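A quick write-up on the structure given underneath.
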Amino acid sequence: MNSRERFLIAANGGRPDRIPVLGTLTPQAAVKVAEHFGITDDVEPVDSFLSTRLSHVALVNKLGNDAVIIGSCRESGKETRVLPDGTSTDEFGFIYTQCGLYGEVTGRPLANCESVEDVLAYELPNPNDEGRFALANAYFEKYHKDYAIVGDLEATIFELAWNLVGLEKFLVDMACEEEYVDVLLDKITDFNMAIALNLVDIGCDMIWLGDDVGMQIGPMIKLELYKKYLLPHMRKIFRAIKSKNPKVRIAYHSCGSVLPFIPSLIDAGMEVLNPIQPMANGMDLGLLKKQYGEKLVFFGGIDIQNVLPNGTPEDVENEVKLRIKQGGADGGFILAPAHNIQADTPVENILMMYEAIFTHGKY
């Protein structure tokens, strides 16, 4: 059984020869892994809003991933560029300032948005530009016979909206039912739905959508607000994908504690839940598996907040064994770190995570 077959069986709720794995690396972690393997290419990050998920394919394949992630890069002619003051800007008009290891958004094109007219005056990039899918097409042709192909479209609605406006302002404006909010969400939905359908046309087996709506202690917003503003737009994209190709699996990502949202997301069409952040309140993989295992595939589970960066290789092995026990018994489980593997993670722990899956994940 090759990686493609293994991943697709699990993604559809079945039991392959072993539990599949899909991990991603931050650029700093990728450099350390590349040095370990003596790999000198594929270390530079891809220019994309979802860069970390789409980058370092050769490295994560070398580690043992069972799927390849593809997605949208930048519109042709609107690649990210460095400005004279050392900041950078991208196709959305964000201004990024380097803060430690990460580029943080410090300028937002709709920071002063107050009206529908302000939203209508802002032009999103062209979602159908052929150039933004050149790498996705190349990776599909290279890898689709041996690996499942996952189309990444995280930060689908809420995260793009609040990044354009600013988190505090957008949350307040949602709560106050400002008129522009629905118009902006409609505009973003149309943009990302077009990208999703392009990824389906390329041949993706799974489309990985989602928005971070959870915090460590609980949801970021009330269920009522989620169902009023965000869920209808996500459901629209889910349905468009399934109308295009009913075989494509729908995965949804949200960091943090998202228990109240799960039933509504299942009703909307979610089939795979990611990342099951184990240190977030209530996100116990074993309990979620018991409650929703007949309706959902689970994708994630490995603690990146404590065990991967701070544990010993033995701790990492025990973490993998625990998540396999909680999520893998009846199939329908894809093991993964609960987010990108971070810069502070020792290479030996990364290697152990994969080795433990290969050793203990066999059915």
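Data overview
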read-out: Residues Leu167, Leu101 arranged by fewest to most Cβ contacts within 10 Å; value: Leu101, Leu167
read-out: Gyration tensor (alpha-carbon) shape descriptor, the stretch 211-307, a/c threshold 1.5; value: oblate
read-out: Partners for Lys169 among lysines (Cα-Cα distance below 24 Å; same-chain residues under 8 apart left out); value: Lys187, Lys222, Lys227, Lys228
read-out: Rounded, prolate or oblate (a/c below 1.5 giving rounded, otherwise prolate when a/b exceeds b/c) for the stretch 144-218 by Cα gyration tensor; value: oblate
read-out: Entries in Lys289/Lys321; Lys32/Lys325; Lys142/Lys236 that, when Cα-Cα distance is taken, lie over 22 Å; value: Lys32/Lys325; Lys142/Lys236
read-out: Max mean-square fluctuation residue, GNM over the chain, Cα-Cα springs under 10 Å, options Pro127, Pro346, Pro246; value: Pro246
read-out: Coil-residue GluC sites (Glu not before Pro) of the stretch 139-215, DSSP, other Cβ within 10 Å capped at 16; value: Glu177, Glu179
read-out: At most 14 other Cβ within 10 Å, DSSP loop - trypsin sites (Lys or Arg not before Pro), the stretch 135-172; value: Lys145
read-out: Radius 10 Å from Cβ of Phe158, net charge of other residues (Lys, Arg +1; Asp, Glu -1); value: -3
read-out: Overall dimensions of the stretch 193-264 as given by Cα atoms, namely Rg and Dmax in Å; value: 13.2, 39
read-out: Residues in the stretch 162-187 that a label on Glu114 would reach, taking backbone N under 16 Å of a point 7 Å out along Cα→Cβ; value: 169-170, 173, 178-181
read-out: Kyte-Doolittle mean at least 0.0, axial Cα span of 24 Å or more - DSSP H helices of the chain; value: 180-202
read-out: Stretchable slack from Val82 to Gln342, in nm (0.36 nm times residue separation minus alpha-carbon distance); value: 91.1 nm
read-out: Cα centroid separation, the stretch 293-339 to the stretch 140-201 (Å); value: 27
read-out: Two-decimal Rg to Rh for the chain - Kirkwood Rh, Cα set; value: 0.94
read-out: Within-15-Å neighbourhood charge of Ser76 [Cβ basis; K, R +1; D, E -1]; value: -3
read-out: Three-way shape call for the stretch 79-134 based on the alpha-carbon gyration tensor, with the a/c threshold at 1.5; value: oblate
read-out: Stokes-Einstein D in µm²/s, Kirkwood radius over Cα pairs - the stretch 131-179 at 37 °C with 0.692 mPa s viscosity; value: 241
read-out: Candidates per chymotrypsin sites (Phe, Trp or Tyr not before Pro) in the stretch 122-169, loop by DSSP, up to 15 other Cβ within 10 Å; value: Tyr122
read-out: Size descriptor, Kirkwood hydrodynamic radius, that averages inverse alpha-carbon separations across the stretch 124-261, Å; value: 15.9
read-out: Residue of Ile266, Ile149, Ile250 that the Gaussian network model of the chain assigns the largest fluctuation, springs spanning Cα pairs under 10 Å; value: Ile266
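Quick note: the coordinates plus some simple rules give every number you see, no bench work behind them. Bear in mind the structure is a predicted one, so any value in this text is a computation, not a measurement. When we count neighbours, we look across all protein chains shown, and the Cβ atoms used for this are built from the backbone with ideal geometry, even at glycine.
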